[in-house]
Structure formats: C-alpha cells, structure tokens
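The structure appears below as structure tokens.
The values are calculated or read from the model by the stated rules, or taken from the named source; none is laboratory data. Because the structure is a prediction, the values reported are computed rather than measured. Virtual Cβ from ideal backbone geometry, glycine too; neighbours counted across all protein chains shown. Remember, those area values only see protein heavy atoms, side chains included, never the ligands or the DNA or RNA. Shrake-Rupley method; radii C 1.70, N 1.55, O 1.52, S 1.80 Å.
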Amino acid sequence: MSADEPVHRDAGGNSREPAGPAGAALPVIVPDQPRLPASPHPAVPLLQAVMPFSERSGLAGAFGCDGAYELRGGDRLGSTGIAFDLAMDWHPQLMRAVEKACEDQRILGRDWFVMPPTLLLGPDGVGRTHIARRLATAAGVPHVEFDLADPRIGRHEAAPDVRMPLPPFVGMWISRCANPVVSVVNVDRAGPVGLALLQRLVDPRVNGRVVASALAAQFDLSQVTWLVQSGAADALPARLHDLLVEVGLEDTEIDDGAFLKIDLIAEVVADFALEPPSPADVEEIVGKRHPRGYPARHVGVAELYADIARRLRPGVT
C-alpha cells in the first residue's frame, strides 16, 4: 500500500471494511479502488474517517463521530470549478498550486478535492486565512482554524481537567466531512510540542491513523487540506518544512488591490447573508483609500474585511 493512501484498521490492527446503513458494506479507499460509490448521496464518495478504539470505549459512538464521512468537491475539479471561482490572480503561485491539485485528482480518478500539505508563506495581513476560507467555499468543504500556539497543546491534563479534542477532529465530526480545509495559524509562535504535533498531522506516511484520545477514536486525516501559515520558511523545523509544498503570497498594497476588495465584498455579503451592494457602493469601497496615514501595505486583509463589513452593515458594531 502506498504511504499516502488511507489505511483502515480495527482495534486489533486488522484491515476491515466498515458496515454501512442497514448492514450494507461501505467501500474503503484503497490504491486499486480510488473511485468510490457513495451512500446516501450517490455522487459523493465516503471515507471511513473515524473508528473507535473498541466497542467498550463507546465515546466516539456515543458522540456520533464514528463512521464514514463525505469526501466533497469532486464536482468542482474542472476548469470552471474551484480555480475558476477562487480567481485570485494576484497570487499566481497559489493559483498554480490549486489548479495542479485539481488536475492531479482528475488524473487519479479521485472525485474529491484535496491539496498536498501547503505552506502559505507571507507576512501577517497578506490574507492567508481569507485565502483558506475562499478556497473552502470554492471547493464546497468546511474550513477549520487550528491555533498551534494554543497553550493547551502539550499541557499535562489530569482530573478534574477535561481533555478537549483538537479543532480538526471537531470540525470533521460536526461537518461529517473527511476533507476540510484546515488553516494552521500562529505556527511561528508555537513551541516544540506543537510543531512536532503538526508534523505528525500532515505527514502522509502516518496521518491516516491519528489517535484522538479525548474521543477514544482513531481519525484518518489523510484527505485534509492543510494550509500552514508562516512568515518565514526558516521558522519551521526542517523535517516539517520538507513535508510542505511552499506557496509564496504576493504582498499586494491594499490601495491598489481593487480585485481583492471586490473579493472581500463578496465574502462579507456571503458571511452575513446581506443583499448585494449597489454598484455605487462597490465603486465607493473599491476607490476608497484607507483612512489611516501609514502605508497601505501595513493594512491587513482582516482589517480591510472589518472596514467593508462596517460599511455594508451600518449601525452594527
């Protein structure tokens, strides 16, 4: 079996095929069967993404997180799909990476979206989380934010502390999706324990069987799109860096970023379920220079998003 393929094993370490609804067998992703029929939605393949440690543990089953999860985005891999909708031409390396990922999936006959673990390299404010959210929207998959500098990572927890699952596990469980986009943030501030954890999560040789102790279950993270944010490639340990495809982001000056502003307008409208703004409002936002006096390149995308949200939602703070 190839190192980058999901592996599915029972509590005794034996490969198994999970049971589906009414006892029907669900297909398992193996190298010689990359295309899968799906249930209950025929167009969507499934991955046995979560398996409890044992029937006795019961936690994963009790929470309803065990079972087969959907692999989404297969209907969006073509030339008019994910890359077309993303349309961030001011980030050419990003667009090439997304287009290649979609092409690779089509060639392999895998009807879902996934990218190799990717390092989004750029300064704070360049819009790395915005990119991840837009990519997830274009692919029709969930977006999960994972703060690698969370002080709970690596901290010893004993009674009465409650051990909490990592955000990627929770995001997959809530969405029942096996291939979310995960933004890994604050990597440059993470400690050695967090960096070692991240290496384990993104390594295709081992991330098909990741233990979630808090849920007494094993997760298959092999089809997650990991987008790791960093301001400098040398800030990451060499072994972690070698597992990532580096994508450099352009530090576009906000005042010159008309297309970025239009993209953010669309994101705000979708996020808050607003009516599309009038052409006059769009023209005013796109033509408006940032009110603060320092150079535009120091205005982050998150701040610009907030400005646009205030403009389109007057009276809401």
Considering each of ASP161, ASP124, ASP203 in turn, give the residue that is free of Cβ contacts under 8 Å to residues at least 12 places away in the same chain and surrounded by fewer than 22 Cβ atoms within 10 Å (Cβ to Cβ). ASP161
Just checking, does region 182-199 include any residue being assigned to a loop (DSSP other than H, G, I, E, B), closer than 29 Å to GLN105 by Cα and open to solvent by less than 60 Å² (accessible area, probe 1.4 Å)? no
Only one of (1) touching a Phe, Trp or Tyr at 6+ places or on another chain (Cβ under 9 Å); (2) closer than 24 Å to LEU304 by Cβ is not met by LEU86, so which one is it? (1)
Anything in region 181-194 that is in contact with a helix residue (DSSP H, G or I) (Cβ under 6 Å, 6 or more places away or on another chain) and not acidic (Asp, Glu)? List them, or say none. VAL181, VAL182, SER183
Just one of VAL211, VAL228, VAL206 is outside any helix (DSSP H, G or I), under 21 Å from the mean Cα position of the chain (by Cα) and modelled with pLDDT under 95; which is it? VAL211
Residue satisfying all of: in region 159-194; of a type in the set (D, E, K, R) and touching a Ser or Thr at 6+ places or on another chain (Cβ under 9 Å); farthest from SER230 (Cα to Cα) among these: ARG163
State whether one or more residues within region 96-117 are out of contact with any His (no Cβ under 8 Å at 6 or more places or on another chain), within 24 Å of GLU267 (Cα to Cα) and open to solvent by 60 Å² or more (accessible area, probe 1.4 Å). yes
Working only within region 89-145, note down all residues that are of a type in the set (A, V, I, L, M), closer than 27 Å to ALA43 by Cα and in a loop (DSSP other than H, G, I, E, B). VAL114, MET115, VAL141
Considering residues that are surrounded by fewer than 22 Cβ atoms within 10 Å (Cβ to Cβ) and in contact (Cβ under 8 Å) with a residue 40 or more places away in the chain, the number found within region 137-147 is 5
